[in-house]
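Every number here is computed from the coordinates shown, using simple stated rules; none is lab data. From a predicted model like this one, the values you see are computed outputs, not experimental measurements. Every residue, glycine as well, gets a Cβ built from its backbone with ideal geometry; the counts of neighbours run over all protein chains shown.
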Amino acid sequence: MSVLVPAILCGGAGTRLWPLSRAGKPKQFHALTSEKSLIDETVARAAAAPGAVAPVLLAGVAMRDAVVAAAPTGARIVLEPEGRNTAPAAALAAHAALETASDAIVLMLPSDHHVGDLAAFERAVAAGARLAEDNRLVTFGISPTEPHEGYGYIVAGEPEGPGFAVAQFVEKPRRVAAERLIAAGGANWNSGIYMFGAQFYLDELERLQPAMAACVRAAWEGRTQDGAVASLDEAAWASCPADSIDYAVAEKTDRAAVVPVRMAWSDVGSWAALHDIAGGGNVLSGDVIALDTRGCYVRAESRLVTLVGVQDLVVVETPDAVLILPRSRAQDVKAIVERLKSEGRTDLL
């Protein structure tokens, strides 16, 4: 098996988990699904992947201290002057991986996901590695448990080794369309986890997105190094087009493959998602008293929070803000953040 280099994407604002998740400390740096932070869980998951060496962590310059603190021994850190989405980030990971081995395979992992079955994850990675060694751009499809509108879908086509060729990517369908996809068979949630040969990805990016490939290469070659931390050439990076790996490469290449995996998984995209991960019912964290209360997610960070006679609410208390809303409207937290921005309330962002 080729050398496996995990690449952990540490960006993302996590605005739907406000008021806990803030620009200075977004959700991946919080302990939300266990006693470990989401990024610490991801680092441990990456280390357990078959054949894995020390990871590469990619983050914005503002996250330097937090990422350095989370990085395991031997890890390398690449700092982006500003976010350019996942396609350029994947290219940076590929450049870094090639310094480890000429046949390196990259396992690209978001730092803010929850995976509830490590054994299933490891089996999927082993299967994905076989496809990546055959110059496939591999993604992992999560067996859907419901017609979720918040996830994209990957439709499997013809069998391809331990996986399937990708027949279609579907961007976050409405519920009825999602129901039809699932009923037709072969549709899985798009996890956003990718695996690819480092050189293969750079070659495909050069073929499909030559301007992006050139900018990333220039930014990488012009980097400065401070120990394990690499800082990109700012001018070269500023000219780089921004796009996701899905749109820029995966949906355009004829080498995309999907490995379906049945495991508990969530992108932890809302307070309602955390309620589901914890198993439903009343989910209480911190100093909370809940009487005659059902189906609520309550998190108290700094003081006592009490509830009487309510149901299906999200209540999150931090030292400077309190959020209360129906659990069914958990996605609307983003609207609060946008309102705070429009009012110039940077102290709460």
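Compare V43, V176, V78 in a GNM of the chain, Cα atoms joined below 10 Å, and give the one with the largest fluctuation.
Ranking V43, V176, V78 by mean-square fluctuation puts V176 first.
With a 10 Å Cβ neighbour count serving as the proxy for reagent exposure, in which order, fewest first, do S37, S2, S102 appear?
Arranged by neighbour count, lowest to highest, S37, S2, S102 become S102, S2, S37.
Given Cβ point charges of +1 (Lys, Arg) and -1 (Asp, Glu) and nothing else, what value in debye, to the nearest 20, does the dipole of segment 237-349 about its Cα centre take?
Dipole about the Cα centre, nearest 20: 140 debye.
Based on other C-beta atoms within 10 Å, arrange D254, D332, D246 from fewest to most.
D254, D332, D246
Please report the relative contact order for the chain, taking Cα pairs under 8 Å with a sequence separation of at least 6, and give it as a percent rounded to a whole number.
19 percent
Mind putting a number on the dipole of segment 4-266 about its Cα centre? Charges go on the C-beta only, +1 for Lys and Arg and -1 for Asp and Glu, and I need it in Debye to the nearest 20.
Dipole of segment 4-266, to the nearest 20 debye: 580 debye.
Given the options L57, L109, L181, which has the most mean-square fluctuation in a GNM of the chain, springs set between C-alpha atoms less than 10 angstrom apart?
Ranking L57, L109, L181 by mean-square fluctuation puts L181 first.
Sorting T145, T318 on the 10 Å Cβ count, fewest up front, what's the list?
T145, T318
Two decimals is fine: what's Rg over Rh for segment 271-348, C-alpha atoms, Kirkwood radius as Rh?
My calculation of the ratio gives 0.99.
Quick check: net charge around V305, other residues with Cβ under 12 Å of its Cβ, Lys/Arg +1 and Asp/Glu -1?
That sum, taken over residues with Cβ under 12 Å, equals -1.
Would you work out which of A49, P88, W18 lies farthest towards the positive end of the dipole of segment 1-96? Charges go on Cβ: Lys and Arg +1, Asp and Glu -1.
Selected residue: W18.
Non-local amide H neighbours of L313 (under 5 Å, H modeled in plane, Pro and chain starts lacking H): which ones?
Those lying under 5 Å, H to H, from L313 are C296, Y297, R327.
So what's the chain giving for Rg/Rh, alpha carbon basis, Kirkwood Rh from the mean inverse pair distance?
In the chain, Rg relative to Rh is 0.97.
In the chain, with Lys and Arg counted as +1 and Asp and Glu as -1 at Cβ, which of these residues, H114, I245, Q225, has the Cα nearest the positive end of the dipole, that is, farthest along it?
Sorting the options by dipole projection puts first H114.
Using helices alone, I'd like the mean residue ellipticity at 222 nm for the chain: each DSSP H run of four-plus residues gives -39500 (n - 2.57), total over residue count, nearest 500.
After summing the helix terms and dividing by residue count, I get -8500 deg cm²/dmol.
Which of P319, P55, P110 moves most in a GNM of the chain, Cα contacts under 10 Å?
P319
Points 7 angstrom from Cα along the Cβ direction at A214 and Y247: gap in nanometres?
Taking the simple label geometry, A214 and Y247 are separated by 2.1 nm.
Work out from phi, with θ = phi - 60° and the Karplus expression 6.51 cos²θ - 1.76 cosθ + 1.60, the ³J(HN,Hα) of each residue of segment 51-62, listed in order in whole Hz, and give x for Gly and Pro.
x, 6, 9, 4, x, 10, 10, 10, 7, x, 4, 5
Straight-line reach only, C-alpha to C-alpha below 28 angstrom: list the lysines that K172 could link to, leaving out same-chain residues fewer than 8 apart.
Here the lysines satisfying the reach criterion relative to K172 are K25, K27, K252, K334, K341.
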